[in-house]
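Structure record follows, encoded as structure tokens.
What follows draws every value from the coordinates through simple rules; no lab data is involved. Treat the numbers as computed from the prediction; the structure is a model and nothing was measured. With ideal geometry, Cβ positions are generated from the backbone for all residues, glycine too; neighbour counts draw on all protein chains shown.
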Amino acid sequence: MTRADALFRSSSPHALGRKGRETRQRLVDAAALLLTSTSPIDLTAMAIAAEAGTASATFYVYFRDVQDILYALSEAATEDMLAAFSKLDIFRSNARVAEDSEAFLKMLAEQWERHNAVLYYRMMEADRGDPRFTKLRGRWAEAVLSRFWELLKRAPHLEPPLDETDAYAESIVLFASIERLAAAVHREPRLTISAQRIRAAQARILTRMIAPQG
């Protein structure tokens, strides 16, 4: 282990004292603020440190590079999404798919509104194959996929019923389309259809796929 690695390891959030945790959090908050007007690609350690009111060298005590602080923000955003999804306690019953879909899509839109740049960066890095970001996206995906999977396995309108592999495959298709469209809606503000109409269409499609009414 190099001296730099040892220094960085000693500055992980769990190993820091109160002052260190406060400084690290100021840097994270500064990065989040800058992301409201700056692309993650253009974010710099110098700009983050300046916004946090600290020296540039201090940034590297707490983070290896800008991607590292973006990972910290992505991790926090993922935890926020998982907590919001868990709180809803939805997609437990085929009979509630229509209303659960509306609640889920509303929550997802709120999360993308709150963490737009960070979630887009998480998606981009996961698509590029970065294992840390892939794991983060996988945690979020699996939470939703597992609920879709259970509903599709016992979908009352499918005869014969889907086997476990096909049910999981269809869950992936549903989740991926929802996730990609959530990103597109926030990256393409000039869409000719409102975000509300798109969410309503998604809710109808989810209901038709999992538990059509009537």
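A simple packing score, the average count of other Cβ atoms within 10 Å per residue, orders the peptides 82-89, 177-184, 24-31 as 24-31, 177-184, 82-89, with the highest score first. Sort the range 62-105 into rounded, prolate or oblate with this rule: let a ≥ b ≥ c be the square roots of the eigenvalues of the Cα gyration tensor; rounded if a/c is under 1.5, and if a/c is not under 1.5, prolate when a/b is larger than b/c, oblate otherwise. Since a/c reaches 1.5 and a/b is larger than b/c, the shape of the range 62-105 is classed as prolate. Return the label of the correct value of volume of the Cα convex hull per residue in Å³, as calculated from the structure shown, out of (1) 298; (2) 140; (3) 126. It is the value labelled (2). Shape verdict for the range 147-214, please, from the Cα gyration tensor: rounded (a/c under 1.5), prolate (a/b greater than b/c) or oblate. Because a/c hits 1.5 or more and a/b fails to exceed b/c, the range 147-214 counts as oblate. For the modelled label position 7 Å from the Cα of A176 along Cα-to-Cβ, which residues of the range 116-131 have backbone nitrogen atoms closer than 17 Å? Those under the cut-off are 123-130. FRET efficiency for the pair L158 and R21, taken as 1/(1 + (r/R0)^6) with r the Cβ-Cβ distance and R0 = 45 Å, rounds to 0.30.
Computed from the alpha carbon positions, the gyration tensor of the range 56-149 leads to an equivalent ellipsoid with semi-axes of 30, 13, 10 Å, biggest first.
Spatially, the range 37-53 and the range 100-146 are offset by 23 Å when compared through their Cα centroids.
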